[in-house]
Ligand code: GLA
């Protein structure tokens, strides 16, 4: 069974409401209630005085209604008495100023004083509730963002990180190439985390330095997460531990963060206004597949917060949810691998910054339209009791590199975004009904037929060798522009042709590149005579062994190869030297999926996606209409007619 959860903040409500709230959640069909994440000041109202009786009572009530609990550690919001006595536990901003108390997520993840207090409250909780069979799982903190704090504690930690990594400043200087602009360090103490300079000069920083800043921030967040998980495990070795992720600015390497946790999870807030822009149709599908990659590919994930009402906190108050949104988006999460979906939140807050960030119930507390829709969804899921036993098996994989992500944050060319490069391939695959995994450079390629490497910018030579071996043994590899550009320190590679490491595999090299951005129109003409708009970045390709699939049509390099294919061993390598319109990706993915023997469906119209979960001899194909328009199309031997945000689940025998 897919587990249904509800986010609940009992500390925000008069206790006379608890019993009825909990009984109504059980009546709705909720299985787990997620509590605790922001309640530190009620758990420890003053230094060392712990009050858990209220939480005991809530847990008992939830259990008495046959539900379990996801218990959050409250470290996201240190209580005011702690900030008052130790203001140094607050994070520092880019300019070194401390954040203002009274908001949240403003604790410094590394500060030793904060760590002591955090450890103490987690020990209190874990010794009290660890091993309690009513606890379904633990959630660490809340939406832990990458540690970009600039306080003295983080500065010292950053310097130690660099010492560990490079040993001496001489080696660091060499690795970073600090000779440019007289930037050679003579002591690690001279190096401060990024952001102590005015923001508008941030493009002036050495990209190799920025890359290590981002890596440090990520590692430090992973270490904070593991610190909490290890304490809980001391008391409850079998605990299932997760943390709810979100994609903020400059986010961390989630694979690294989740390595100490048991389950990946995510806060799923898709666009509450169905996008008219086809560019956005598949953004949520990509986010969900990305979350599935946080643990290795056979793992699935949970949703800790699922959209249940109109938003209205971090931006303007948003429109009402369209009918079908709650059900459609929740099923989309299940389609992409969620086994648990917990809705945010039971009741809308009446005070605080989120009083217009709606939960399931509005302020009037009535069982409204959204409540009835969720009830319908829970009823519908009962028809699929075996879903949890199924998994997503993919024959295609798209490589995600955290180093590429970090590096493109600081050195942008006009109109070139790393995620967009991944998404162009991803959306084409899901629109063809092809399951696709997002993988990391050190993941195994077993089971895949097609490996797509969009903008693999910071290149590890051993990865390039593995990709070549994959093609040699019959796989299809797709390499794109902006690959093989930098070494692992983030510096450009000298005296080699681009894409460095992949030229032999691709049977071609790049002679010159034209970062056209949006300034010039460019197009490519395929050997079959089709013309696709292209632009953003154009590599002028020279073939060594490869066959030319498409040529540029404009500028001084009209007639030069843009897209090539090389037979390599038993397999193929494609080089896509530019960024094209969607139809171009569809054209080539259709061809290469067919050639590689990947099964697909080519009748889904724009905006429709399909993902298949298989297991126990059964296959469940989830077909979802992401668009704001009704879609009617051929499917199998019949026709499907789908409303916006409608999900159809087609059950068949597993023939894979
Ligand atoms: C995040 C947080 C929640 C809440 C929602 C509302 O996901 O985890 O506590 O603030 O946003 O948008």
Residue list for the stretch 525-544, filter: over 32 Å from the mean Cα position of the chain (by Cα) and crowded, with 20+ Cβ neighbours inside 10 Å: 541
Residue within the stretch 344-355 that is at pLDDT 95 or above, assigned to a strand (DSSP E or B), within 16 Å of the ligand (Cβ to nearest atom) and farther than 18 Å from residue 19 by Cα present: yes
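Does residue 90 satisfy being within 27 Å of residue 191 (Cα to Cα), crowded, with 19+ Cβ neighbours inside 10 Å and away from the ligand (no atom under 16 Å from the Cβ)?
Criteria met by residue 90.
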Strands (runs of 3 or more DSSP E) enclosed by the stretch 446-536 - at least 2 residues per element that are over 27 Å from residue 393 (Cα atoms): 508-526
Checklist (1) buried (at least 22 other Cβ atoms within 10 Å of the Cβ); (2) in contact with a helix residue (DSSP H, G or I) (Cβ under 7 Å, 6 or more places away or on another chain) applied to residue 338, failing item: (2)
Residue count, the stretch 258-305 (criterion: part of a loop (DSSP other than H, G, I, E, B) and either within 15 Å of the ligand (Cβ to nearest atom) or over 16 Å from the mean Cα position of the chain (by Cα) (or both)): 12
Residue in the stretch 50-67 that is within 16 Å of the ligand (Cβ to nearest atom), closer than 24 Å to residue 132 by Cβ and in a helix (DSSP H, G or I) present: no
Qualifying residues in the stretch 8-47 (those that are within 15 Å of residue 104 (Cβ to Cβ) and within 29 Å of the chain's Cα centre (by Cα)) - the one farthest from the ligand (Cβ to nearest atom): 40
Residues of the stretch 237-246 that turn out to be touching a helix residue (DSSP H, G or I) at 6+ places or on another chain (Cβ under 7 Å) and within 16 Å of the ligand (Cβ to nearest atom), as a count: 2
Complete set of residues in the stretch 315-332 that are within 13 Å of the ligand (Cβ to nearest atom) and in contact (Cβ under 8 Å) with a residue 40 or more places away in the chain: 318
Qualifying residue in the stretch 363-382 (condition: within 16 Å of the ligand (Cβ to nearest atom), in contact (Cβ under 8 Å) with a residue 40 or more places away in the chain and closer than 30 Å to residue 258 by Cα): no
Residue that is within 16 Å of the ligand (Cβ to nearest atom), farther than 19 Å from residue 9 by Cα and touching a residue at least 40 places away in the same chain (Cβ under 8 Å), where the choices are 338, 308: 338
Cβ-Cβ under 6 Å pairs, at least 6 apart or on other chains, the stretch 94-112 side within 12 Å of residue 78 (Cβ to Cβ) and more than 16 Å from the ligand (Cβ to nearest atom), far side in a strand (DSSP E or B) and at pLDDT 90 or above: 99/90
Hits in the stretch 578-596 (condition: closer than 22 Å to residue 449 by Cα and surrounded by 24 or more Cβ atoms within 10 Å (Cβ to Cβ)): 584, 589
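The values are calculated or read from the model by the stated rules, or taken from the named source; none is laboratory data. Since we're looking at a predicted model, the values are computed, not measured. Note: ideal-geometry Cβ built from the backbone for every residue, glycine included; neighbour counts use all protein chains shown.
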